[in-house]
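Data first, discussion second: the structure below is written as structure tokens.
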Amino acid sequence: MKKSIFTLIVTLFFASLASAQDSTNVETGKIYFLRSTGFQGSAVAFKTFIDGEFVCKLNNKKYSIHEVPAGKHECSVQFGGKVSKDKAEKFVIQVEPGKITYVQLVFETGILINNIYCEEVTENTAKSKMTNMTEDTKCL
């Protein structure tokens, strides 16, 4: 009886280790948010969101890096608040395992209204822009 209880405990222990390893093998990719909006709007930090969750307030000439599970994600940016607004324009991207997806924050000025939104850019475009930027590691 004692031997069977011991065997059961050992089996459960190793089974729990195996399931813990499975959960750590989630494939991930990275999203880089890039902000180089020039002089217009440079005094205000933009709030960035991934899947409706606040991830960073990003100032001008900065970029941030966010590791996410591979798959589709919804990105958005807005002027204020740490809760994603329904009116904020949503941008869906596909993050590939082990890859980087570059998302530029675009600021447009108009006569009556200003608009900010996300757009995906190529690696070459991103790396060219990032030469004049610094990583913001404390953007929350």
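The values are calculated or read from the model by the stated rules, or taken from the named source; none is laboratory data. Note that this is a predicted model, so its numbers are computed, not measured. Counting neighbours? That spans all protein chains shown, and the Cβs are built from the backbone with ideal geometry, glycine included.
Brief remarks on what is shown
- Tally of residues being touching a residue at least 60 places away in the same chain (Cβ under 8 Å) and of a type in the set (S, T, N, Q) across segment 53-90: 2
- Restricted to strands (runs of 3 or more DSSP E) entirely inside segment 68-139, those with at least 1 residues that are among the basic types (Lys, Arg) are 71-78.
- Among the criteria (1) over 12 Å from the mean Cα position of the chain (by Cα); (2) surrounded by 15 or more Cβ atoms within 10 Å (Cβ to Cβ); (3) farther than 18 Å from residue 37 by Cα, the one residue 99 does not fulfil is (2).
- Taken over segment 103-118, the criterion of being touching a residue at least 40 places away in the same chain (Cβ under 8 Å) and either surrounded by 12 or more Cβ atoms within 10 Å (Cβ to Cβ) or touching a Phe, Trp or Tyr at 6+ places or on another chain (Cβ under 7 Å) (or both) is satisfied by 103, 104, 105, 106, 107, 114, 116, 117, 118.
- Look at (1) surrounded by 12 or more Cβ atoms within 10 Å (Cβ to Cβ); (2) at pLDDT 95 or above; (3) of a type in the set (S, T, N, Q) and you find that residue 122 fails only one, number (1).
- Checked against (1) in contact (Cβ under 8 Å) with a residue 24 or more places away in the chain; (2) more than 22 Å from residue 129 (Cα to Cα), residue 47 meets all criteria but (2).
- Residues that are in contact (Cβ under 8 Å) with a residue 40 or more places away in the chain, of a type outside the set (A, V, I, L, M) and surrounded by 12 or more Cβ atoms within 10 Å (Cβ to Cβ), drawn from segment 125-134: 129
- If you filter segment 58-81 down to residues that are farther than 20 Å from residue 37 by Cβ and either at pLDDT below 95 or among the charged types (D, E, K, R) (or both), you find that the one that is surrounded by the most Cβ atoms within 10 Å (Cβ to Cβ) is 74.
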